[in-house]
Amino acid sequence: MRGVLLTGALIALIPLVLVIFYLLQKGLSSWSGSFFTTDPNGNFFGNPGGIRSAILGTLEIVALASLIAVPVGIGVALYLTEYGGEGRFAGVVRYFVDVMTGVPSIVFGLFIYIVLVLAKVGGAFTGWKGAVALSLLMLPIVIRAAEVVLLLVPSSLREAALALGAPRWRVVARVVLPTALPGLVTGSLLAIARGMGETAPLLFTTAGAFGLTFNLSQQMNALPLQIYNDILSPRDVVVARAWGAALTLVALVLILNLVARAIARRSVA
Amino acid sequence: MQETRHQFREELKGLEQQVLGGLDIVIQQLDRALESVSYQDVELASMVVADDDRIDGRYLEVHQGILSLLARQAPVAGDLRIVAALLHVIRCIERMGDQCVNIAKLVPLSGYESPKDKDILDALEKMGQYARSQVSQSKEALGSRNVELAQDLVHQDAEINSLNRFIFRRAVEVGDDPDVREWAMFMVLVARCLERIGDNTVDIAEQVVFVVTGLFREMADASTPNQRTPTA
Amino acid sequence: MIPPESETKGTSEMSAAGSPSERAQEAPDLSALGVKEGAGHQVQVSGLHAYYGQVHAVKGIDIDFPANEVTAIIGPSGCGKSTMIRCINRMHEEIPGARAEGSVTLDQFDVYGADVDVTSVRRVIGMVFQKPNPFPTMSIFDNVAAGLRLTGLKSDNLRETVHKALRAVGLWGEVKSRLNEPGIGLSGGQQQRLCIARTVAVEPEVILMDEPCSALDPIATLRVEELIDELKERYTIVIVTHNMQQAARVANSTVFMLDGELIEHSPTHDLFTVPKDERTERYVTGKFG
C-alpha cells in the first residue's frame, strides 16, 4: 500500500518538477542586469528591452489590490466570527464568499471592464481598475483564511476579556486580533501571492503598457500581461524574455510563500 | 438509581457488624461474671478476666477500620455520623468489658462460703438482669436505628440506679458481723460496676439518637436526673 | 510525600529568582491592596430562570449570597450550577439563543435593570474560569493590567496596581523578576493565580469562580483555596465546584442543585453532617452522582 501511494505522489510531482526545470532552463538565461532595469520597448527590431515596468507594475497593482482586499476581507471575517455567528445573514454571506472562490478570474476582469472601463469611470484602461479586479479575486481567499484563523482563537480568551467588563469591540481589537495576527498575516500573504499571478483580470482592465509609470490612473504593465504578450511573438529573444518574466513571477511568489511560512512557524514556537 | 461506592458500603456495614458483635461479647462476659458472683466460682471469674482480650482486640480492629475508612473514603453526612458513633460505641464496649473484669476480680476477694445477705443478693440479681437487658436493647437499638428503644434505655437505667442506691443503704445497715460487712462492701463495688455498665448503655443510646437525628443531647442518667430526653 | 507542583509547559516554578525562603510558599497578602473601604457586598438571586433556546436549564432559584463569605454550589453535571452563576454577571446571555429571567441584585442594584450597561456589571462582578486563560500575546504584567486597559479604566499608577494585585494573590515573589515574559510561560497553578490577579486588579465587589481548580494539580489547588480564604475578607465569593471536599474546605455555606432546582442551602458544616434533604444526603454520600 505504501509503495502505491509513494508512487502516486512521485507521479504527481513530475509535472511540478518539469515546470520548474523548464522555467529555469528557458528563463534563467534571460536574467541580467539590464533585464531588470530597462523597460520593454515594443520595437520590432533590435533589443526588446527588459521587464522593469512589468515588475514594478505588478508590485503597484498588487499593492493597491491588497490594500483593498486585506482590510475588507479581515473585516468581513471578523463580522462572521464575532458578530454574525450562526445567524441567517451570516450564513448568506458565507455562501456568497464560497461562490466567489469559484468564479473564474476572467469573470472578475469582465465585470470591471463593463462596470468601470466601458462606463469610462476615471479613464479607460487604468492600473487601479486592474487592482480592483484583483482585489475581488483576492477577497474571498482572505475571508476564508481569516475566518479559519479567527475561529482558532480559543473562545475562553474572548470569555475572559468579556468577563473583565470589556466591550465587544475591545475584545476583538485587543485580544482576538493580536492573537490571530500571525495567521492573518500568513493568510493575507498567500492571497497576495495568488493575486500576483493572475492574468485574466488584468486583460480588460489594465491592458498593459510598455513604459514605466507610477500613475495608477494610466494603463500599466504587469508581469502576467508581459508574459501573455511576449510568448506568442515570432522573435525568439522576445519569447526568451517571456520565460524570464515567468521565472521572475514564480520567484516573487516563492519569496512571498517563504515569508508566510516563516511567520507561521514563528507564531507556533 | 445505581448503587455506587459498593466497597465503601460493605466496609461500613462490616464495621457496624463488628461493633454489634462486640456487644454480644459484652453480654457473654456479663452473664459469666454475674454467675461467678452468685456461685462464688473463682475459675469462671478468671475466665472472664482472660477473655477481656477478645474485647480489647475487637476495639483495636474497629478503631483501625474506622481510621482507614476516614482516610480513604472521606465519609460525610449520615455515613460520617455512623462512623463517629461507632467509634464512641466501641469505647463504651471496651469500658463495659472492663467493668465485667472488675466484677470478676472481686469474686476471689469476697471470700469462700462467706455469709451473705439475702436482700443484697436479690437486688444484685435484679441489677444484673437489668444490665443484661440494657446491653441487649442497646444492641437492638443501634442495629435497627430505633430511637424509641434508645430512649427507653434511660428508664431502665433509672431502675438500675435505684437498685444501686438500695444496695448501698443495705450494706450500711447490714449488721455487726464483720465478715458480713466485708462481703457487703464487695457487693457494693459489684453494684457500682453494674451501674456503670448501665450508664454506658445510655451513652450508646445517645449515639443512636445522634445517628438518626443529627442531634446530640445528654440523656438523663444518675448525674443529670432532670434532663429531658429529646423527642425524635 | 507531597509531590512538587507539576508544570504544564514553560518555566518551572522552582527556577524563579529569589532566595529559597521566598520560593517556598509565598502567602497571599491582601493587605497589599490597601485599606478596604465600606461594608461588604451581598448578592441576591430571586426567581431566576435561565434558558438555552427551549431548554429550561435553571428553574426558579432563590439564593442570598452573604457579604464577605464564600458560598459553594455543588451538584451533579448538568444541574445548572455553571449556568446559574453566569447569570449573575450576565455572561449567560453571550451565548446565542440564551436568555435569563428573574432578578439578580448586587446590594440594591438590579443587575438586569433596563438601562444597565452590561460591561459595568462585569467590572464589578468578576469571574475566574475553569481552565486558566491568560492572554497569550501579553506578558505577565500586561495580563494583570489587561483588565484595566480593556475596560478603559484610567489608573493613576498602573505599575503599582499590577504589583499590588500580584502580591495579593501570592504570586509576586515568583514573577517579579520576569514581568515582561509571556503569561503562558507559567505553570498551571501560577496561570490561574495570574488570572485571579487580573480579576482583582479591576477592584470588583464579587468574585465568581467556575470550578477554578479543576485543571490544577493538588498542590496548586490547595494554594488557590488558601487564596480564596484570604480573598473573602475583601470580596463576596461564589464558587461552583464538582469537588465536594473542596466545597467542604473553603465554603461558609453550600448550595446543592439538582436538575436546575435549588434543593438545599445550608451552612457547610450542617450540609455535610446533617443534610436536611434526602437527595442532598444521597448526593454527598455518593449514592448517586
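Of note:
- The single condition from (1) surrounded by fewer than 18 Cβ atoms within 10 Å (Cβ to Cβ); (2) within 14 Å of chain C (Cβ to nearest Cβ); (3) of a type in the set (A, V, I, L, M, F, W, C) that residue B:109 fails is (2).
- Of all positions in segment B:57-78, at least one carries a residue that is under 30 Å from residue C:286 (Cβ atoms), away from chain C (no Cβ under 14 Å) and touching a Gly at 6+ places or on another chain (Cβ under 6 Å).
- Number of the condition not met by residue A:188 [criteria: (1) within 24 Å of the chain's Cα centre (by Cα); (2) surrounded by 20 or more Cβ atoms within 10 Å (Cβ to Cβ); (3) part of a loop (DSSP other than H, G, I, E, B)]: (3)
- The residues on offer are A:209, A:191, A:200, A:222, and the sole one that is within 30 Å of residue A:85 (Cα to Cα) and not hydroxyl-bearing (Ser, Thr, Tyr) is A:191.
- Options A:193, A:180, A:160; residue that is aliphatic (A, V, I, L, M), free of Cβ contacts under 8 Å to residues at least 60 places away in the same chain and within 25 Å of residue A:100 (Cα to Cα): A:180
- Every listed requirement among (1) farther than 30 Å from residue C:254 by Cβ; (2) at pLDDT below 95 is met by residue B:94 save one, (2).
- The residues listed here are C:221, C:241, C:273, C:236; of these, the one that is polar (S, T, N, Q) and within 14 Å of chain B (Cβ to nearest Cβ) is C:273.
- Qualifying positions in segment C:88-106 - exposed (fewer than 14 other Cβ atoms within 10 Å of the Cβ) and more than 12 Å from chain A (Cβ to nearest Cβ): C:99, C:101
- When each of A:6, A:10, A:23, A:64 is tested for being farther than 26 Å from residue A:142 by Cβ, touching a residue at least 40 places away in the same chain (Cβ under 8 Å) and among the aliphatic types (A, V, I, L, M), the lone residue that passes is A:23.
- The set of residues in segment C:133-163 that are within 12 Å of another protein chain (Cβ to nearest Cβ), closer than 24 Å to residue C:237 by Cβ and touching a Ser or Thr at 6+ places or on another chain (Cβ under 9 Å) comprises C:133, C:135, C:144, C:145, C:147, C:148, C:151.
- Pairs where the first residue, in segment C:277-288, is more than 9 Å from chain B (Cβ to nearest Cβ) and touching a residue at least 60 places away in the same chain (Cβ under 8 Å) and the second is part of a helix (DSSP H, G or I) and of a type in the set (S, T, N, Q), C-beta under 7 Å, 6+ apart: none
- Among the residues of segment A:144-171, the one identified as in contact with a Ser or Thr (Cβ under 9 Å, 6 or more places away or on another chain), closer than 18 Å to residue A:71 by Cα and among the β-branched types (Val, Ile, Thr) is A:149.
For every residue, the table says whether it meets (1) in contact with a Ser or Thr (Cβ under 6 Å, 6 or more places away or on another chain); (2) assigned to a helix (DSSP H, G or I); (3) under 30 Å from residue B:175 (Cβ atoms); (4) touching a residue at least 40 places away in the same chain (Cβ under 8 Å).
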| residue | (1), (2), (3), (4) |
| --- | --- |
| B:52 | no, yes, no, yes |
| B:62 | no, yes, no, yes |
| B:70 | no, yes, no, no |
| B:97 | no, yes, no, yes |
| B:103 | no, yes, yes, yes |
| B:107 | yes, yes, yes, yes |
| B:116 | no, no, yes, yes |
| B:124 | no, yes, yes, yes |
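- Looking across segment A:203-251, the residues that are hydrophobic (A, V, I, L, M, F, W, C) and within 23 Å of residue A:104 (Cα to Cα) come down to A:203, A:204, A:207, A:220, A:222, A:223, A:225, A:227, A:231, A:246, A:249, A:250.
The values are calculated or read from the model by the stated rules, or taken from the named source; none is laboratory data. The model shown is predicted, which means the values in this text are computed figures rather than measured ones. Virtual Cβ from ideal backbone geometry, glycine too; neighbours counted across all protein chains shown.
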